Amino acid sequence: MKQKFKLLTILTASIIGLDTLFSCGGNNGGNIKDDLKYDEFGDPIFDNVKLNVLSIVGNPDNTYLERVNNMFNDYYSQNGLSAKITSVANSDFYTQLANTINTDPDNAPDVIIIHSERVSKLANDKIILPMDSYFDLLKNNKFNEEDYFSNVLKECKYKDKLYGIPLDVHSGVWYYRKDILEKNNIEIPTDLNSFIKCCNELIEKYKAGELYTRAMDKVNSANCEWTLTKDFGKSYSPVVMSSSGGIEAGWIPQTAVFQNGGTLTDESGYPKWNTDGLKEIMQLLRDFQTGTNSLTNRNISYEGNFVSDDNDYNTVWSKLSSGEAVFSCEGPWWAESRLNEYNSVLANREDLDGNKYQPLGILNMSKLYTFDKDSADSKSIYGVGHCFSICKTVKSKTKLVAASLYSKFMSENSTDYLQGGHLPANKKVYNSDQFRSKDYYKDYVQYLGNPEDYKMLGNTSHYSAVYETLKSLYMDVFTKSKNNISIDQLVETRFKEAVEQIKSTEEL
């Protein structure tokens, strides 16, 4: 399943071991073969240079990434330059990379495609190389930092040197039943307050027997007609989230920190996410599940439990499809397949706007985790990007320049790749007619927001401690056995755990 591979989950007990494994690497020792030559036009000469690329990009994104790679190979087929991509699951990627780099360098990849939040760690451990000087050697094909969104590019730097070329930025999104909201004359939410209002209205209509619902999946396609309130159990909850620590844990608490004026890390790379804003939103999310109102200063009332209990990865989709839920959180890489499935099932059943009708909508996380919708930070969305980096094991200057050229080309020509549910890191791609005219852009990518509103983890070499413990905190909030522990205590316990993990690795 895609959800298992999109975000790397490292057990606390293994964090120190993996960090130690990476830290064993040294730099390339300066033993680079000076074999670079230029033609009469000042361009590098490549003579049967084959780039081995190891990628963390999984299904379905890797299919679209391969299209761009094929474009590169076609473009440089007469120049003796080619690249081959091998995809490795998130759960194995970084361990496999470290093992190969340190024990089998002759078979190490030349280029890696990683999440940019990992750049500082890999650069600190000298697994990857700074790329600035190799771009200078391209001469006629310079790399221009101004072509990239600065917030995304910054994540690819370490000590002011460029260690990665950003490809994209993405975040989790809320999928919502657009057809159900429209049928029941309920406005689509645009911020936290209107989200709460929307959920209350859905529950009110359900209690009154006035909520119209319908299924929209292939399994229940025979029953895709509108019906008044069905029996969904003891209570109706319009929001479905995974109780077992789903993808929401990797996007929601991080976004909450940013939208309330905080940052995930400080200047030294230590965690800084234990903010009052995070605590308030985590309390709100606990209240969503319990149906109680602890934020008395916010004048909130609940018609019932917004979030249903005992869900897993599968029920996130099944309840949305059946109409039992209206909102569910998942990655944007699911957008194309789900839209295609649901559109085909409900084709020609109802056309509310005279055009192709989409029963499923996409809502990005802008303004959903702050009560101050007009603040400068309210539009912030926690983002993750993919980037291209060069491994320290590359010993040929010609291949180093080729790897830099490849990274630049793939990023600047990423339009086909973005169909997998991503926003480009390159400004020219983002603003191009080619990108904006694509059906996938019109159908779902445009709803992912503005790349400039995305906020990144921060240039920290302590990724696991900063990020994974915050995910664990989110899961604590939705763990029934911990409902008697205050949110303040949960936050501070996990925060202390993160700091202690970092100190433990620094003492090694």
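Taking the helices alone, the chain has a mean residue ellipticity at 222 nm of -10500 deg cm²/dmol, built from -39,500 (n - 2.57) per DSSP H run of at least 4 residues and averaged over all its residues. In this structure, the amide hydrogen of S55, modeled 1.01 Å from its nitrogen in the peptide plane, lies closer than 5 angstrom to those of T86, S87, V88, I113, counting only residues at least 5 positions away or on a different chain. Over all Cα atoms in region 257-386, the spread is summed up by Rg and Dmax: 18.2, 57 Å.
Sorted by accessible area with a 1.4 angstrom probe, largest first, how do I127, I45, I85 fall?
I45, I85, I127
Only Cα sites of region 106-179 enter the Debye sum here, all with the same form factor; the resulting log10 I(q)/I(0) across q = 0.12, 0.18, 0.27 1/Å is -0.42, -0.79, -1.39, listed in q order.
Normalized C-alpha radius of gyration of region 35-81, against 2.2 N^0.38 Å?
Values: Rg = 13.8 Å, N = 47, 2.2 N^0.38 = 9.5 Å.
Dividing the Cα radius of gyration by 2.2 N^0.38 Å gives 1.45.
Return the percentage of antiparallel bridges among DSSP beta bridges fully within the chain, rounded to the nearest 5 %. Could you put the intermediate results ahead of the total?
Values: 26 of 42 bridges.
Beta bridges within the chain, antiparallel portion: roughly 60 percent.
Amide H contacts for K392 (H built 1.01 Å from N in the peptide plane; partners 5 or more residues away or on another chain; cut-off under 5 Å): I128, L129.
Using only the C-alpha atoms of region 182-316, find the volume of their convex hull and express it per residue in Å³.
136 Å³
When you count the other C-beta atoms within 10 angstrom of each residue and take the mean per peptide, 300-313, 50-63 line up highest first as 50-63, 300-313.
Convex hull volume of the C-alpha atoms in region 52-209, normalised per residue: 195 Å³.
The alpha carbons of region 302-452 give a radius of gyration and a Dmax of 19.9, 66 Å, in that order. For the pair S194 and Y270 in one chain, pulling the backbone fully straight at 0.36 nm per residue adds 23.9 nm over the alpha carbon distance. The residues of the chain present an accessible area of 41 Å² per residue when probed at 1.4 Å with all protein chains retained. By accessible area, using a 1.4 Å probe on protein heavy atoms only, the chain has 44% of its surface on carbon and sulfur. Semi-axes of the equivalent ellipsoid for the chain, computed as √(5λ) from the eigenvalues of its C-alpha gyration tensor and ordered from largest down, come to 42, 28, 18 Å.
Once you have a ≥ b ≥ c as the square roots of the Cα gyration tensor eigenvalues for region 377-500, tell me rounded if a/c is under 1.5, and otherwise prolate or oblate according to whether a/b is larger than b/c. Judged from the Cα gyration tensor, region 377-500 comes out oblate (a/c at least 1.5, b/c at or above a/b).
Rounded to the nearest 20 debye, the dipole magnitude of the chain is 320 debye, with +1 charges on Lys and Arg beta carbons, -1 on Asp and Glu beta carbons, and the Cα centre as origin. So for region 387-497, taking the charge dipole from beta-carbon charges (+1 Lys/Arg, -1 Asp/Glu), which of F435, N459, F478 sits furthest toward the positive end? With unit charges placed on the Cβ atoms, the residue in question is N459.
The values are calculated or read from the model by the stated rules, or taken from the named source; none is laboratory data. Note that the coordinates shown come from a computational prediction; the quantities given were computed from them, not determined experimentally. Neighbour counts run over all protein chains shown; Cβ positions are idealised from the backbone, glycine included. Please note that ligands, DNA and RNA were not included when accessible areas were found on the heavy atoms of the full protein model with its side chains. Shrake-Rupley method; radii C 1.70, N 1.55, O 1.52, S 1.80 Å.
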